[in-house]
Amino acid sequence: MGRNDETDTWRGVGGDTKPEQRADGKSRSFHEHSHGRSSTHDASVRRESSPPGDNAVSGDEEPRQENSREEDEEGHLIYHVGLVLRERYEVVSSLGAGAFGRVVECTDRQSGERVAVKIVRNIDCFRRAAKSEIAVLEEINDLDDDSIFACVRMLDWFDHDGHICIVLELLGLSTFEFLRQNRFLPFSVEQIRHMAFQLFRAVCFLHRNKLTHTDLKPENILFVSSDCDLEYDGETRCEHKKLRRLDVKVVDFGTATFDHEHHESLVSTRHYRAPEVILDLGWNQSCDVWSLGCVLMEFYLGRILFPTHDSMEHLAMMEKVLGPIPPHLLKQTRKQHYVLNEHLNWDQQSSSDRSIRKHCRPLKLMARKSDEERQLFDLLGCMLEYDVCRRITLEEALWHPFFNPIRNPQGQDKQRS
Ligand code: KHC
């Protein structure tokens, strides 16, 4: 599988599967020191529908296991409602699809409960990514026995004729899908606070355990339940959906990377990619902080913060929103074609520049009507810091005043100030 910088989500192909034995004696298969990677495009969404010329994998190029009759030419399992996997999971409906495969809702005949099953394409690189995801989910679920942190739970996994199937707890819509179904009406600051707090705790837990998610984006953040009521707004004369619960969980650990593992040079889906990744300066946990900053901005705006498909334009947009990229970072980059005279190689008089000025307002000028908005933007400014050494960590971010109302729910904070 080739590498293609134009692809919005990119994963290279990693090393071989190395089944391992855990200290507790349980077999810990599939822990890979070099992750499998897959080129992933969520079929459901704008940014990840395969653009022409991308590196989506075709069945011809990648080895797959002896395939079954239940498989299409692209290595997807052909399933139908009523199909029973592993004599246990009965397919009820479809929940999602992407380059990785499909997600279906099933009834677990053993427990009677509904579950989600991620059925991965029978193609080597996707199988490897799935095995890597299983190893990560085993580890983080084990470390979080009581399910305190908002990472999806894996209930089971198995191989169905070369298709790795990961059985997960059933969750609701993704935050992206919810926004889309709600006509991209932004979330309120109060809603963002609650989602952000859970997300930060979940990802901070990953970071403490030497993991980086690397692909945080609204599609990979799911509501635990997307049950909602319809509300009528007299002012806009529009109906909108109001969620009953704001609990969210992080999914898709196929590219999560342990500190000791090989770090692919290109990670994350384009719009959430940190500057150090674009500039090829090396990355660590803090690239997740950048991605989360972009995600929270998207929740606030109801649209993508950096709407581009081009790295050069992406960096120019960052400068419009966040000010100039520090010269020491431009000096260090291996991508010297982005640099001219210690500045970004970008023509401020060009038509491209005029067009990005329309989309990108400086962070400092963005609406800050209330104290809580000012606090949110202060936090976002700390997360969207170019220099990783100065970027806030999630441990620190959890103590930011923006979260005071969550930490002091009785309003003690207000009385003090
Ligand atoms: Cl419903 C659901 C659950 Cl409960 C867990 C993971 C999922 N859906 C509908 C789920 C996933 C999807 C996937 C994962 N992991 C991704 N795609 C889904 O459609 C994989 C690609 N990124 C978005 C999440």
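The values are calculated or read from the model by the stated rules, or taken from the named source; none is laboratory data. Every value quoted in this text rests on a predicted model; they were computed, and no experiment measured them. All Cβ positions, glycine included, derive from the backbone under ideal geometry; neighbour counts span all protein chains shown. What goes into the accessible areas is simple: the full protein's heavy atoms, side chains included, and nothing from ligands, DNA or RNA. Shrake-Rupley method; radii C 1.70, N 1.55, O 1.52, S 1.80 Å.
Observations
- Within region 293-311, the presence of at least one residue that is within 16 Å of the ligand (Cβ to nearest atom), within 29 Å of Asp146 (Cα to Cα) and not in a loop (DSSP other than H, G, I, E, B) is confirmed.
- Flag for Val277 being aliphatic (A, V, I, L, M), away from the ligand (no atom under 16 Å from the Cβ), open to solvent by less than 10 Å² (accessible area, probe 1.4 Å) and free of Cβ contacts under 8 Å to residues at least 24 places away in the same chain: yes
- The single condition among (1) on the phi < 0 side of the Ramachandran plot; (2) open to solvent by 30 Å² or more (accessible area, probe 1.4 Å) that His163 does not satisfy is (2).
- Scanning region 231-244 turns up one or more residues that are of a type outside the set (A, V, I, L, M, F, W, C) and touching a helix residue (DSSP H, G or I) at 6+ places or on another chain (Cβ under 8 Å).
- Output for region 148-159, where each listed residue is within 14 Å of the ligand (Cβ to nearest atom) and out of contact with any helix residue (DSSP H, G or I) (no Cβ under 8 Å at 6 or more places or on another chain): Leu155, Asp156
- Condition met for Asp387 (among the acidic types (Asp, Glu), assigned to a helix (DSSP H, G or I) and touching a residue at least 12 places away in the same chain (Cβ under 8 Å)): no
- Out of His240, His260, His207, sole residue that is in contact with a His (Cβ under 8 Å, 6 or more places away or on another chain) and of a type outside the set (Ser, Thr, Tyr): His260
Yes or no, residue by residue, for (1) open to solvent by 10 Å² or more (accessible area, probe 1.4 Å); (2) more than 20 Å from Leu379 (Cβ to Cβ); (3) away from the ligand (no atom under 16 Å from the Cβ):
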residue	(1), (2), (3)
Glu169	yes, yes, no
Thr175	no, no, no
Glu190	yes, no, yes
Val203	no, no, no
Glu219	yes, yes, no
Val248	no, no, no
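- Cβ-Cβ under 8 Å pairs, at least 6 apart or on other chains, region 197-213 side of a type in the set (Val, Ile, Thr), far side part of a strand (DSSP E or B): Val203/Val250; Thr212/Thr257
- Failed criterion for Phe377 (all others in (1) over 28 Å from Cys204 (Cα atoms); (2) under 24 Å from the mean Cα position of the chain (by Cα) hold): (1)
- With a requirement of 3 or more residues that are closer than 19 Å to Ile392 by Cα and under 17 Å from the mean Cα position of the chain (by Cα), none of the strands (runs of 3 or more DSSP E) lying completely within region 186-279 satisfies it.
- Subset of region 81-95 (residues that are in contact (Cβ under 8 Å) with a residue 60 or more places away in the chain, out of contact with any Asp or Glu (no Cβ under 7 Å at 6 or more places or on another chain) and within 16 Å of the ligand (Cβ to nearest atom)): Leu85
- Test: residue in region 406-415 that is in contact (Cβ under 8 Å) with a residue 12 or more places away in the chain, buried (at least 17 other Cβ atoms within 10 Å of the Cβ) and either in contact with a strand residue (DSSP E or B) (Cβ under 6 Å, 6 or more places away or on another chain) or not polar (S, T, N, Q) (or both): no
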